[in-house]
Amino acid sequence: MVGKSQIKFIKSLQQKKYRIQHGMFVVEGIKTVRELLGSNFEAHKVYTIDNDLVSAEQVNVELVSEADLKRISNLKNPNKVLGVFKFPLVKPIEEQGWILALDDVRDPGNLGTIIRLCDWFGVRQLVCSENTVDCFNPKVLQATMGSITRVNIVYTDLLQFIKSSELPVYGTFMDGENVHVTKMPEKGILVMGNEANGISKEIADLVNHKITIPQFGGQKTESLNVATATAIFLNEIRRSEK
């Protein structure tokens with residue numbers, strides 16, 4: 001039986017301040033937990049209703065009932081396995097290839113999808129402004145489907161990072177050059193902006209190349225979802241390499 005103190009601790013990790021305080025986060029679901037167990041992320045403890053679902057050595061695994069799993073889960077329908085993991089060590093940003101930079105992206109689902117896109121398109125460096133949603137938010141983790149283990153995510157002062165970089169900076173704007181005809185270099189920084197306000201003025205002033213996705217439909221659609229737009233831009237970057 002999971003004790004009250006364990007339940008309180010695990011539930012507290014749903015909030016960012018307690019994740020920072022303890023240096024830990026919660027992951028739910030067989031696939032994502034297995035992905036993290038097979039990576040350089042260190043597990044604190046794994047709770048499961050079936051030991052056969054977790055085949056990892058030197059991991060503190062506790063067999064629990066479905067009722068106990070429901071008590072510690074943040075999901076309406078718990079997915080058989082819940083893991084508590086320690087924050088990974090922050091790696092320095094490597095200015096090689098393309099770096100994706102997020103300027104104040106707030107929606108957890110968007111960030112999770114963007115992390116999966118980075119994994120899919122082989123973008124290993126994701127630099128986030130300090131106000132971007134926490135990558136260890138449970139909803140973000142759920143949306144990454146384990147891709148968070150293969151992308152180096154760094155939160156920093158985005159303005160200072162771009163100022164100090166020697167890479168060309170590409171920013172996404174409604175009035176930019178058509179990305180379908182833009183020849184993208186072998187390396188650079190691609191900046192994606194906030195869902196409602198786009199790229200901030202301070203960051204926009206540092207952008208060397210403004211690019212956009214041309215609109216073919218009705219003019220009533222103001223903009224694309226930031227994760228959808230990221231997919232298109234990353235695809236164009238990779239297409240330009242051929």
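The values are calculated or read from the model by the stated rules, or taken from the named source; none is laboratory data. If you're wondering where the values come from, they're calculated on a predicted model, not measured in any experiment. Counting neighbours? That spans all protein chains shown, and the Cβs are built from the backbone with ideal geometry, glycine included. Protein only, heavy atoms only, side chains kept; ligands, DNA and RNA dropped before computing areas. Shrake-Rupley method; radii C 1.70, N 1.55, O 1.52, S 1.80 Å.
Only one of these conditions is not met by ILE153: (1) more than 19 Å from the chain's Cα centre (by Cα); (2) open to solvent by 20 Å² or more (accessible area, probe 1.4 Å); (3) modelled with pLDDT of 95 or more; (4) not charged (D, E, K, R). Which number is it? Answer for ILE153: the failing condition is (1).
Of all residues in region 95-116, those satisfying the criterion of being acidic (Asp, Glu) and farther than 10 Å from LYS139 by Cα are GLU95, ASP103, ASP104.
The set of residues in region 151-161 that are in a helix (DSSP H, G or I) and in contact (Cβ under 8 Å) with a residue 40 or more places away in the chain comprises LEU158, LEU159, PHE161. Report whether or not TRP120 is closer than 17 Å to VAL207 by Cα and out of contact with any Pro (no Cβ under 8 Å at 6 or more places or on another chain). The answer is no for TRP120. When ALA196, ALA231 are checked against the criterion of being under 30 Å from VAL26 (Cβ atoms), modelled with pLDDT under 95 and not acidic (Asp, Glu), a single residue qualifies: ALA196. Scoring SER164 on the criteria (1) in contact (Cβ under 8 Å) with a residue 40 or more places away in the chain; (2) open to solvent by 10 Å² or more (accessible area, probe 1.4 Å); (3) on the phi < 0 side of the Ramachandran plot leaves a single failure, condition (1). Kindly establish whether LEU126 is part of a strand (DSSP E or B), hydrophobic (A, V, I, L, M, F, W, C) and within 20 Å of PHE87 (Cβ to Cβ). Against the criterion (part of a strand (DSSP E or B), hydrophobic (A, V, I, L, M, F, W, C) and within 20 Å of PHE87 (Cβ to Cβ)), LEU126 qualifies.
A single member of ASP104, ASP134 is touching a residue at least 60 places away in the same chain (Cβ under 8 Å), open to solvent by 30 Å² or more (accessible area, probe 1.4 Å) and closer than 26 Å to GLU202 by Cα, and it is ASP104. When the residues of region 44-84 are filtered to those that are acidic (Asp, Glu) and open to solvent by 20 Å² or more (accessible area, probe 1.4 Å), the one that is modelled with the lowest pLDDT is GLU57.
Checked against the criterion of being surrounded by 13 or more Cβ atoms within 10 Å (Cβ to Cβ), touching a helix residue (DSSP H, G or I) at 6+ places or on another chain (Cβ under 6 Å) and of a type in the set (A, V, I, L, M, F, W, C), the candidates PHE87, PHE25, PHE41 yield just one match: PHE25. The lone criterion from (1) more than 18 Å from ILE189 (Cβ to Cβ); (2) under 9 Å from the mean Cα position of the chain (by Cα) left unmet by LYS139 is number (2). Residues in region 217-228 that are surrounded by fewer than 19 Cβ atoms within 10 Å (Cβ to Cβ) and not basic (Lys, Arg): GLY217, GLY218, GLN219, THR221, GLU222, SER223, LEU224, ASN225, THR228. If the condition is being assigned to a loop (DSSP other than H, G, I, E, B) and within 17 Å of LEU158 (Cα to Cα), then region 98-115 contributes ASP103, ASP104, VAL105, ARG106.
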